[in-house]
1. Looking at (1) among the hydroxyl-bearing types (Ser, Thr, Tyr); (2) touching a His at 6+ places or on another chain (Cβ under 8 Å); (3) without any contact (Cβ under 8 Å) to a residue 12 or more places away in the chain, which is the only condition Thr125 fails?
2. Take the conditions closer than 15 Å to Gly185 by Cα and out of contact with any Gly (no Cβ under 7 Å at 6 or more places or on another chain) and apply them to Asn123. Does it pass?
3. From the list Phe21, Phe17, which one is modelled with pLDDT under 95, in a loop (DSSP other than H, G, I, E, B) and farther than 17 Å from Thr148 by Cβ?
4. In region 108-167, which strands (runs of 3 or more DSSP E) lie fully inside it and hold 1 or more residues that are of a type outside the set (Ser, Thr, Tyr) and surrounded by fewer than 17 Cβ atoms within 10 Å (Cβ to Cβ)?
5. Of Glu74, Glu92, which residue is part of a helix (DSSP H, G or I), surrounded by 12 or more Cβ atoms within 10 Å (Cβ to Cβ) and of a type outside the set (A, V, I, L, M)?
6. Please determine whether any residue of region 136-157 is touching a Cys at 6+ places or on another chain (Cβ under 9 Å) and either closer than 18 Å to Gln65 by Cα or at pLDDT 95 or above (or both).
7. With respect to the numbered conditions (1) assigned to a strand (DSSP E or B); (2) open to solvent by less than 50 Å² (accessible area, probe 1.4 Å); (3) among the polar types (S, T, N, Q), which one is the sole condition not fulfilled by Gln103?
8. Pull up region 168-186, narrow it to residues that are within 18 Å of the chain's Cα centre (by Cα) and not in a loop (DSSP other than H, G, I, E, B), then point me to the one that is nearest to Trp234 (Cα to Cα).
Amino acid sequence: SLGDFNSGTYNWNFARFTNGFTLAEVLITLGVIGVVAALTIPAVITNYQKQETLSRLKKAYSIVQQAIKLSEVENESVTNWDNNLNGHDFFEKYIKKYVQYTQEITPAELWSMAPRKLLNGSNYTGTTYASGSTTATNFILSDGSMITLNFVTDGIWVGIDTNGIKKPNQIGKDTFLFVFSSKHGLQPLGEAGTPDSWSYGTYSREKIMGSGSLSCSKTGTGYWCSALIMNDQWNIEKDYPWR
């Protein structure tokens, strides 16, 4: 039977190691596990959400780029494309044949199902996702993401919603904005190629995340978040205003 074992100056009590934990020890252990879980699980979830968003954004962006390249074979170089078309007509003429999509959604239908918010939490009041828009078109890709095309001065506004009509439907969280022009191709808002009439240009990271109304910040609209992600080599860095 187990008992005291004397070996030199050491006295080992094997029976001590066969006893169960006390209730206090169990509660302390569970408390420590709970604290660790509370500290780590939110970070794990957030990191997963970021990586999923990035993956879907890159895929949708690549699909649009590929459609443009394929369309050039039939419709010549983008330098000859008509940038004065509205979103629906641009889609019909240049893009429709070169993407796999499941359905088109009118602006009114989209607004009733999934109204937009800005990054700062305010309601979206622009024209592209407005219910009464007569120049925009929305189409759902086979993976559930959504592309929106709309007319903008000197180009075509391109919106990518990484999860379609699912929430949060918020600029900078699951909705990211780009602009297509015959001179610069597909570019994120805030980068070279954004219409001069919008007073955009090639901005520094500090400018993109600054205090401007269109910035990718907790107080901004989030319009420039696509530029921030691409400038950061397709990453959502720790200082990105995710929450």
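1. (2)
2. Details: closer than 15 Å to Gly185 by Cα: no; out of contact with any Gly (no Cβ under 7 Å at 6 or more places or on another chain): yes.
So Asn123 fails the test.
3. Result of the check over Phe21, Phe17: Phe21.
4. Values: elements: 137-141, 146-152, 155-161.
It comes to none.
5. Being part of a helix (DSSP H, G or I), surrounded by 12 or more Cβ atoms within 10 Å (Cβ to Cβ) and of a type outside the set (A, V, I, L, M) holds for just one of Glu74, Glu92, which is Glu92.
6. Quick first cut of region 136-157, residues touching a Cys at 6+ places or on another chain (Cβ under 9 Å) only: none.
There is no residue in region 136-157 that is touching a Cys at 6+ places or on another chain (Cβ under 9 Å) and either closer than 18 Å to Gln65 by Cα or at pLDDT 95 or above (or both).
7. (2) is the only condition that Gln103 fails.
8. Going residue by residue through region 168-186, those that are within 18 Å of the chain's Cα centre (by Cα) are 168-179, 186.
From what's left, not in a loop (DSSP other than H, G, I, E, B): 170-171, 175-179, 186.
Working: Gln170: 19, Ile171: 17, Thr175: 15, Phe176: 13, Leu177: 14, Phe178: 14, Val179: 17, Leu186: 15 Å.
The selected residue is Phe176.
The values are calculated or read from the model by the stated rules, or taken from the named source; none is laboratory data. Given the structure is predicted, the values throughout are model-derived calculations rather than measurements. Cβ sites come from the backbone with ideal geometry, for glycine too, and all protein chains shown count toward neighbours. Heavy atoms of the whole protein, side chains included, go into the accessibility calculation; ligands, DNA and RNA do not. Shrake-Rupley method; radii C 1.70, N 1.55, O 1.52, S 1.80 Å.
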